[in-house]
Amino acid sequence: MATTSPRDPSIIIVGAGVAGVATAVTFKRAGFENFVILEKGADVGGVWFWNRYPGLTCDVPSQLYQFGFAPKADWSRIWASGPEIQRYHRDVVEQFGLAPHLRLDSEVTDARFDGRAWTVGTADGHTRTADFVIAATGVLHHPFIPDIPGLDGFGGEVVHTARWDDAIETRGKRVAVIGSGSTGVQIVSALQPEAAKLTQFARTPQWVLWAPMGVRQPRLFGKALAAAPALHNLLYDVSLWASGILADIVLRPSWRRRLVQRFARWSLRAQVRDKALRERLTPDYEPLCKRQVLSGTYYRAIRADNAELVTERIAEITSSGIRTADGREHPVDVLVLATGFHPHNYMRPMNLRGRDGITIDEAWEKGPMAYRMTAIPGFPNLFTVLGPNSPTGSISLQYSAELTARYLTRWLERFRDGSVDTVEVTEEATARFNDEVAEAMGPTVWNTGCNSWYFTDNNTIDLWPFDRKTMTAMLTEPDDRDYRVTRRDATSDQAAAAAPAEQ
């Protein structure tokens with residue numbers, strides 16, 4: 001019986017945010033080091049690199065918002081700031097020796113599968129080949145610019161929160177913020193104290209849960225965790241367990257959901273006594289239906305003497321301000337777009353072509369779909385980490401990314417031992433999974449009647465509607481029945497040399 005020589009799979013990881021870093025470290029710890037990480041930004045961190053607006057804070061507690069393999073005891077705050085999280089990602093890159101694998105300022109523009117391998121091109125003109133491509137591009141990285149008449153003719157400064165310019169001066173200026181999500185709430189709170197006038201334009205108000213986001217983590221607490229790694233690991237495990245309570249709250253109606261919803265209503269009622277303002281700040285949908293906003297300062301900021309909430313529709317932007325549908329013109333010096341992202345683009349706009357030349361736009365004609373967040377029919381040896389249906393807002397993203405990456409190592413191991421050459425999920429398995437998602441989405445709070453960025457253009461909810469236990473079961477061992485697996489014969493296996501990821 002012929003034997004095959006081990007093959008070292010060459011891998012390209014696209015993105016160096018949460019998903020990319022988790023994937024790279026997981027692969028390296030499993031013995032796969034023939035990979036390169038292509039990152040379009042000038043540093044690592046993904047959303048935490050691109051977003052640097054005033055007041056940027058993570059809405060997940062710091063002791064949960066970290067990789068299981070890289071515990072950080074000395075967070076400065078209970079809810080970490082954006083810059084601190086970005087530095088954490090840079091530290092992880094250094095700690096695990098990822099720097100030699102990293103190629104910054106390398107935006108992937110196209111990727112093509114030729115039947116045996118992938119050829120990947122970047123904006124700088126480089127071309128690389130690899131056996132596997134891992135799309136760890138994340139969700140929130142393509143800023144959404146609203147199509148408002150007159151925007152191009154505004155005479156003041158315009159900035160999107162995802163592309164903040166530190167040279168912009170807002171102190172003593174008339175500042176307008178368009179948007180009411182987490183970003184809008186955070187930047188209103190940050191800019192209001194020093195602005196001459198701050199006007200927030202929000203057609204749809206958000207439920208804002210009161211939380212002391214600025215509370216510092218006690219130094220002694222951090223030192224205790226650092227001195228007792230077992231205790232730190234226990235805290236992380238407890239935090240993961242606690243996140244399961246959050247998943248239960250959003251996934252099914254329960255007394256827990258009702259309790260949190262009551263707290264949301266109390267947060268508004270207790271902090272905004274002005275009845276007229278409170279009515280304009282009261283959403284017409286259930287709390288938790290949209291991505292939940294946390295803040296301990298927003299309601300105080302928006303009711304300040306120099307602040308105003310405008311709920312009238314914006315008719316146009318003039319050279320000197322914003323005119324609303326009621327005919328009123330609001331003078332503005334600085335216009336801040338807190339208008340979010342195109343959340344369902346994932347790898348796009350890269351020119352991604354799989355088997356027989358199929359494009360990602362063709363594959364996703366009915367909206368982004370992936371089998372268990374990881375695989376797309378028509379794209380052999382390409383996997384996504386934190387792809388479609390990722391658990392944004394219910395289960396730890398770091399846990400999800402690490403779990404997915406460990407699942408993918410099973411295919412890398414089989415490639416290495418010669419039992420797999422190409423692997424592609426079937427259309428049937430993907431359709432079955434998406435039917436399960438659609439059914440499970442029924443009792444979730446996201447499906448209770450609001451219009452959120454969780455919805456795709458095809459009116460499906462792009463989230464994970466299962467608990468962490470189900471996710472772990474689905475992403476522990478691949479089921480060959482759900483894949484098309486091909487294998488070269490033993491002779492070609494022995495003759496083929498693994499292509500290096502870097503060329």
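General observations
- Segment 1-84, dipole about Cα centre (Lys/Arg Cβ +1, Asp/Glu Cβ -1), debye to the nearest 20: 80 debye
- 5 angstrom amide H check on ASP110, placed H, neighbours 5+ away: GLY121, ASN351
- Inter-label distance, ALA42 to ASP74: 2.7 nm, where each label sits 7 Å from its Cα along the C-beta direction.
- Under 5 Å, built H, 5+ apart or other chain: amide partners of ARG484: GLU424, VAL425, THR426
- Pairwise Lys count, the chain - Cα closer than 26 Å, eight or more residues apart or different chains: 10
- Each of GLU279 and ALA431 was given a label point 7 Å from its Cα along the Cα-to-Cβ line. The distance between the two points is 5.2 nm.
- Coupling constants for segment 227-237 follow from the phi torsions by the Karplus curve (6.51 cos²θ - 1.76 cosθ + 1.60, θ = phi - 60°), and in residue order they are 7, 10, x, 5, 5, 5, 4, 5, 4, 5, 5 Hz; glycine and proline get x.
- Residue-averaged [θ]222 nm for the chain, counting only DSSP H segments that reach four residues, each worth -39500 (n - 2.57): -9000 deg cm²/dmol
- This model, with +1 at the C-beta of Lys and Arg and -1 at the C-beta of Asp and Glu, gives the chain a dipole about its Cα centre of some 1920 debye.
- In sequence order, calculated HN-Hα J values of segment 295-305 (Karplus, 6.51, -1.76, 1.60; Hz; x Gly/Pro): 6, x, 10, 4, 4, 5, 5, 6, 9, 5, 4
- Cysteines not pairable in the chain (beta carbon separation under 4.7 Å absent): CYS58
- Coupling constants for segment 416-422 follow from the phi torsions by the Karplus curve (6.51 cos²θ - 1.76 cosθ + 1.60, θ = phi - 60°), and in residue order they are 4, 7, x, 7, 9, 10, 10 Hz; glycine and proline get x.
- Positive minus negative residues near MET347 (Lys, Arg vs Asp, Glu; Cβ under 11 Å): -1
- Neighbourhood net charge (10 Å Cβ-Cβ; Lys/Arg +1, Asp/Glu -1) for TRP75: +1
- When +1 charges are put on Lys and Arg Cβ atoms and -1 charges on Asp and Glu Cβ atoms, the dipole computed for segment 188-305 relative to its Cα centre reaches about 280 debye.
- Under-5 Å amide H pairs with HIS330, H placed in peptide plane, nonlocal only: ILE322, ARG323, THR324
- Charge dipole of the chain about the Cα centre (unit charges at C-beta), most positive-ward option of ALA247, PRO100, TYR298: TYR298
- Computed over neighbours whose Cβ is under 15 Å from that of ARG262, the net charge equals +4, Lys and Arg +1, Asp and Glu -1.
- Separation of alpha-carbon centers, segment 245-292 and segment 108-135, rounded to whole Å: 46 Å
Each reported figure results from applying straightforward, stated rules to the coordinates on display, with no laboratory input. As the structure is a prediction and not an experimental result, all values here were calculated from the model. Heads up, the Cβs are rebuilt from the backbone with ideal geometry, glycines too, and the neighbour counts pull from every protein chain shown.
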